[in-house]
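For reference, the structure is listed below as structure tokens.
The values are calculated or read from the model by the stated rules, or taken from the named source; none is laboratory data. Note that the structure is a prediction, hence the values are computed from the model and not measured. So basically every Cβ, Gly included, is an ideal-geometry build from the backbone, and we count neighbours across all protein chains shown.
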Amino acid sequence: MWHHPPRVWNEFLARCKQENEQTIEELSYLHSRSMTILLALKRCSLLVGKDARPRKLNEVMKQVKATEKKGTESWGDIFKHVKASEGNEATSKLVLHIVGADYREGNSAAETLRVFEQLIAAFGHVEQLDHGYTELVLVLVGPNVEQRLHGTVHTSPIEGTGKSVRLIYGSEIWSSYLAGQNYMVPSAIFCFNAGVWGYDEWIPAFQLMMQEAIHTPIIITSYNALEASDDADCLEDIEIPFVWRWKHEPNPFLCLKQRASQHTLADRVLKENSCWQCICATHLK
């Protein structure tokens, strides 16, 4: 499944015969996040790990000049992040930040492993061609992450594969996680059902993400097309240059189970990850 992920839920259902007792709505509620991530990684050319390489010197110097001008970061801080970036690539980790995480991503390590079980299984049990990653790192960050999980790290082997999955929790905003000791440079950032239109904190966060990890795609999902359009309008307020990897569109792996709400009009119905869009500081490498 890793190298050739299904494109729609019916394809997924055909591959998961052991779960055919569950309805497609139930399966989509369980696995929408996993399959959204897997398809996004394919679109962003991240299914296969790249060789370890340091960040180019001119990129470092650009960051030095920008941060010195703002007086927000020291040389030591800059090269700490550069070193962390090199370390991530050298050890072949696929690091995914789930920003704005809450109970839907799990209130315990066991629950989180369950939420992302399809992603973890696909990562571990690759077909003939290995993807080159040795560890899948899921960083769950947000003020609504279960407080007792804050700062904890859980590592588990993926049985029979020689690979592992690591869970890192931060009950805090992303900028606070960035400054902490558990920070790992992301390969991709996912913001599920972010509600960018409703929270002023998102735009500064996206700007910081793109300054910190210029090649990292940021995938944002919404409950319906109207919210996705509103999110896109807000994203245009970002004050640094960025590119659209793709503009808002229906997500093939939306949750088919309707979320309880007061809305009855078809275009106002809430379904998790109904639409998605992707921004980044740079074009695909």
Looking only at the stretch 164-202, which residues are without any contact (Cβ under 8 Å) to a residue 24 or more places away in the chain and polar (S, T, N, Q)? Ser176, Gln181
May I ask you to say which residue of Ala260, Ala205 is at pLDDT below 95 and among the hydrophobic types (A, V, I, L, M, F, W, C)? Ala260
Options Gly100, Gly142; residue that is in the same structural domain as Phe190 (by TED's automatic domain parsing), over 18 Å from His154 (Cβ atoms) and at pLDDT 95 or above: Gly100
Please list, ordered by residue number, the strands (runs of 3 or more DSSP E) wholly in the stretch 149-246 having 1 or more residues that are assigned by TED's automatic domain parsing to the domain that holds Ile98, polar (S, T, N, Q) and crowded, with 21+ Cβ neighbours inside 10 Å. 218-222
Subset of the stretch 121-148 (residues that are outside any strand (DSSP E or B) and under 19 Å from Tyr103 (Cα atoms)): Gly142, Pro143, Asn144, Val145, Glu146, Gln147, Arg148
